[in-house]
Amino acid sequence: MESALSYADKTLTCRDCGQAFIFTIGEQDFHASKGFNNEPSRCADCRAANKAARGDSGGYSSGGYSSGGGGGYGRSEREMFSATCSDCGKEARVPFQPRGDKPVYCSDCFSKQRGGSYR
């Protein structure tokens with residue numbers, strides 16, 4: 001790994017907007033400390049816009065405080081479908097549209113089918 005002394009500010013070109021931006025010594029040191037090998041390809045503004053368009057809150061969060069509530073960039077509620085359990089006949093709520101060519105199980109019967117390890 002390179003030491004901070006070998007870094008110098010670099011001028012890069014954003015792949016989205018085409019504007020030049022500076023990849024500072026501090027940013028290069030941070031990238032190296034995280035093990036990143038590639039230089040950033042977007043300026044800070046385009047990175048932020050791309051992140052917002054993906055609904056990415058940063059890090060590896062699975063929701064946290066930013067999820068829930070009306071609009072914004074949070075995940076929408078998953079659509080659930082009604083089906084009849086192929087094993088016990090009770091209603092099953094599943095996150096996919098059943099096609100009829102494969103069995104559908106309620107959560108209890110699904111756990112039994114999988115040996116109880118998915119519950």
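Each value in this text was obtained by applying a stated rule to the coordinates, not by laboratory testing. Everything numeric in this text was worked out from a predicted model, so none of it was measured. Quick reminder, even Gly has a Cβ in these numbers, built from the backbone with ideal geometry, and neighbours come from all protein chains shown.
Under a straight-distance cross-link criterion of Cα-Cα below 13 Å, which aspartates and glutamates are reachable from LYS34, leaving out those fewer than 8 residues away in the same chain? LYS34 reaches GLU2. Counting 0.36 nm for each residue step from ALA52 to SER111 and taking away their Cα separation leaves a gain of 17.5 nm. Taking other C-beta atoms within 10 angstrom as a stand-in for reagent exposure, PHE110, PHE96 fall in the order PHE96, PHE110, fewest first. The calculated FRET efficiency for the pair SER41 and GLU79, based on their C-beta separation and a Förster distance of 30 Å, comes to about 0.30. Counting neighbouring Cβ atoms within 10 Å and putting the fewest first, the residues CYS88, CYS14, CYS106 line up as CYS88, CYS14, CYS106. Using C-alpha pairs below 8 Å separated by at least 6 residues, the relative contact order for region 4-56 is 34 percent. The order of ASP101, ASP108, ASP9, going from fewest to most other C-beta atoms within 10 Å of their C-beta, is ASP101, ASP9, ASP108.
With both labels modelled 7 Å from their Cα along Cα-to-Cβ, the CYS17 to PHE96 distance reads 4.2 nm. Cα to Cα, under 25 Å, and not fewer than 8 places away if on the same chain: which lysines meet these conditions relative to LYS90? Reachable lysines: LYS102, LYS112.
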